[in-house]
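Throughout, read-outs are computed from the coordinates displayed, never taken from laboratory work. Everything numeric here is computed off the predicted structure, so don't read it as measured data. Reconstructed Cβ throughout: ideal geometry from the backbone, glycine too, with neighbour counts over all protein chains shown.
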Amino acid sequence: MKKLSNVKVLTVCAMTLAMAVILGFLKIPVTPLIEIRFGSIPLAISASLFGPAIGAVLGAASDILGFIAKPTGTFFPGFTISAACSGLLFGLILYSPKVKVTPVRIIIAEIVHTVVIGIFFNSFNLSLLMHKGFGVVVAQRLVKEIVMCPINCIIMIAILIPVHQFATKMLKEA
């Protein structure tokens, strides 16, 4: 968290947080249980640049700020925990000061994110919120998560690698 005392780091975190909140509004609803979202991309950028702790904080902040800016239904802290875990997970897998972000690491991160957060955490949250059985919710969401995983991998590879390279050079010049 000491990294946040650097103005450039704080600026990048603020920009990615703003992007995560804005992309959180852009969703494609398929059913009441299934939505296609892209808010995890800026979160992965921050977590890959600054580590799991900052990724977790930005994940939680993006969920809370997104709810404050545009409330949809009641606030449910389970999704805030899921968002924090997303940032933590991306940071644990993608962050390394010495090793570049590679397509293989991005694919691993996205697969783990899909299984842990998308299939289990978010399905559990939805089952609690909608008073449906966990198995029913997982069954309904499984196809969406399986279909979106390769799409998210392609998007993440296309965006994360060049942005990470640019931001790393910019932050080293600080």
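Descriptive notes on the structure:
- Remark: HIS113, HIS131, HIS164 ranked as HIS131, HIS164, HIS113, counting other beta-carbon atoms within 10 Å and listing the fewest first.
- Label of the coordinate-derived value, Cα extents along the principal axes in Å, listed as (1) 71, 44, 25; (2) 50, 44, 25; (3) 51, 33, 23: (3)
- Lys/Arg +1, Asp/Glu -1 at C-beta; the stretch 2-172 dipole; positive extreme among ALA83, VAL138, VAL99: VAL99
- Under Karplus coefficients 6.51, -1.76 and 1.60, residue-wise ³J(HN,Hα) of the stretch 139-155 in Hz, glycine/proline x: 4, 6, 8, 4, 4, 4, 5, 5, 5, 6, 4, x, 5, 5, 4, 5, 4
- Amide H within-cut-off set for ILE36, under 5 Å, with H built and near neighbours excluded: ILE28, VAL30
- From most to least packed by mean Cβ count within 10 Å, the peptides 139-151, 90-102, 38-50 give 38-50, 90-102, 139-151.
- Efficiency of FRET between THR102 and LYS132 - r from beta-carbon atoms, R0 41 angstrom, step 0.05: 0.60
- Cross-link pairs LYS2/LYS100; LYS27/LYS172; LYS8/LYS70; LYS98/LYS169; LYS3/LYS169 - those with Cα-Cα distance over 25 Å: LYS27/LYS172; LYS8/LYS70
- Rel. contact order, % - alpha carbon contacts under 8 angstrom, at least six apart, the chain: 22
- Debye, to nearest 20: dipole size of the stretch 2-172, +1 on Lys, Arg Cβ, -1 on Asp, Glu Cβ: 500
- Using R0 = 45 Å, the C-beta based FRET efficiency linking VAL7 and VAL143 works out to 0.50.
- The residue among MET19, ILE64, VAL147 whose Cα reaches farthest toward the positive pole of the charge dipole of the chain, with charges on the beta-carbon of Lys, Arg, Asp and Glu, is MET19.
- ILE45 sits among other residues whose Cβ lies under 15 Å from its own Cβ, and their net charge, with Lys and Arg +1 and Asp and Glu -1, is +4.
- Calculated [θ] (222 nm, deg cm²/dmol) that DSSP helices of n ≥ 4 give over the chain, each run adding -39,500 (n - 2.57): -24500 deg cm²/dmol
- Remark: THR74, THR11 ranked as THR74, THR11, counting other beta-carbon atoms within 10 Å and listing the fewest first.
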